[in-house]
Amino acid sequence: GPLSDYDIIGSLPERTGIFALGPDMPFDLLYIPPLTRDQDVGLSTLLVAARFCRERRALLIVDPPQHWVRPQEALAGLAGWPLRSDNAAMFFPRLIAFDPLRNRMAMFAPGAAAAGMLARGDHAAGAGLRPQESDATLRPMLSPAVALTTEDSERLAQAGINTLEPLRHGPARPARSCTLSCGVSASDEGRYLAARRLALQLANSIERGTRWVLTAPNVPQTWAQAGSQIEAFLESLRVAGAFAAGDFQDCCLVVWDERVNRASTIATGAVNLLFGYAPRQPGVLQYWLVTHQPAGSRVRPVNINRQAALPRRIDWQVETTVLNG
């Protein structure tokens with residue numbers, strides 16, 4: 001029978017639907033195509049998928065509803081749109097392409113083309129992390145279903161909707177892709193798509209790359225080795241221009257000693273590794289706490305209390321408040 005939202009959501013205990021992407025299957029992008037040519041994915045599915053992507057530090061690509069045909073309808077519809085997340089991005093408008101099943105041109109949701117666009121940009125950037133803005137120009141065989149002016153694109157971007165541009169001669173329109181947190185009380189770090197993807201990729205890379213500590217003795221020498229590994233990784237990205245301009249001490253920080261690994265932490269078999277980086281302004285860092293423990297590893301953004309002086313040699317306190325849920 002036809003697919004339903006229940007099929008897409010699936011079951012966590014049975015590992016069906018979305019939850020077939022188990023913990024041992026890392027991914028960076030999740031896109032769920034429409035259920036049929038004329039039926040959008042339900043909002044319940046999108047809400048579950050958005051929460052799932054937040055837990056897995058991935059990006060959800062969301063299609064606009066089919067009845068959002070013109071930019072004015074998209075702006076009006078987004079005003080009451082309940083899904084706001086810095087782990088989700090929406091692209092507009094729908095696309096016209098050749099349909100080989102019907103042997104004629106047809107209209108399609110834009111999410112698959114957006115996923116391909118992001119993946120194409122990742123591939124072009126090479127093996128490192130990708131902080132650059134992606135090229136939003138469509139391939140020659142695709143065209144937008146409705147023409148957008150520069151003003152339309154700017155208004156949509158301010159509200160939180162990205163636009164896909166047709167292939168054209170001359171310079172491309174200046175654009176800065178945004179997440180679906182845009183238009184509400186979003187921080188700069190969560191508002192822009194390139195910065196958000198960089199943060200998620202950093203967190204995933206460091207969490208996965210330091211899991212080896214679980215097989216090593218839980219002693220300061222192990223923490224120091226993992227901390228040095230993270231420092232070398234962040235330094236390579238700093239040199240490549242991924243962070244704000246400045247020296248390492250201005251743009252990066254790694255803490256692995258007793259300030260984050262207290263006796264109570266060691267007693268549970270856990271290892272904490274804290275790292276921070278400055279995406280745009282030297283000295284203004286985002287912080288993430290990686291926790292490796294026998295039951296599983298996790299990484300989450302945290303707030304840090306610190307004095308302004310001697311940023312590398314002061315006492316730190318990781319607050320219990322976790323950003324972004």
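The values are calculated or read from the model by the stated rules, or taken from the named source; none is laboratory data. Just so it is clear, the structure is predicted and the values come from calculations on it, not from any experiment. Note that we place each Cβ from the backbone using ideal geometry, even for glycine, and neighbour counts take in every protein chain shown. When the accessible area is computed, the model is the full protein with side chains, heavy atoms only, and any ligands, DNA or RNA have been set aside. Shrake-Rupley method; radii C 1.70, N 1.55, O 1.52, S 1.80 Å.
Being of a type outside the set (Val, Ile, Thr) and either in contact with an Asp or Glu (Cβ under 8 Å, 6 or more places away or on another chain) or not in a loop (DSSP other than H, G, I, E, B) (or both) holds for only one residue in Asp7, Asp24, and it is Asp7. Would you confirm whether or not region 53-65 contains a residue that is in contact (Cβ under 8 Å) with a residue 60 or more places away in the chain, open to solvent by 60 Å² or more (accessible area, probe 1.4 Å) and over 29 Å from Glu154 (Cα atoms)? No, region 53-65 contains no residue that is in contact (Cβ under 8 Å) with a residue 60 or more places away in the chain, open to solvent by 60 Å² or more (accessible area, probe 1.4 Å) and over 29 Å from Glu154 (Cα atoms). All told, Ile18 falls short of being in a strand (DSSP E or B), open to solvent by less than 50 Å² (accessible area, probe 1.4 Å), touching a residue at least 12 places away in the same chain (Cβ under 8 Å) and touching a Gly at 6+ places or on another chain (Cβ under 7 Å). Checking each residue in region 273-295 for being closer than 12 Å to Ile206 by Cβ and either in contact with a Cys (Cβ under 8 Å, 6 or more places away or on another chain) or among the hydrophobic types (A, V, I, L, M, F, W, C) (or both) picks out Leu273, Leu274, Phe275, Gly276, Tyr277, Trp288, Leu289, Val290.
Looking only at region 254-276, residues that are open to solvent by 10 Å² or more (accessible area, probe 1.4 Å) and either modelled with pLDDT under 90 or not β-branched (Val, Ile, Thr) (or both) come to 10 in all.
Before we move on, is Glu207 under 20 Å from Ala58 (Cα atoms) and either touching a His at 6+ places or on another chain (Cβ under 9 Å) or outside any helix (DSSP H, G or I) (or both)?
So Glu207 fits the description; yes.
Residue count for region 98-121 satisfying the condition of being free of Cβ contacts under 8 Å to residues at least 12 places away in the same chain and crowded, with 18+ Cβ neighbours inside 10 Å: 0. If only residues of region 239-253 that are open to solvent by 60 Å² or more (accessible area, probe 1.4 Å) and part of a helix (DSSP H, G or I) are counted, the one that is nearest to Val284 (Cα to Cα) is Asp250.
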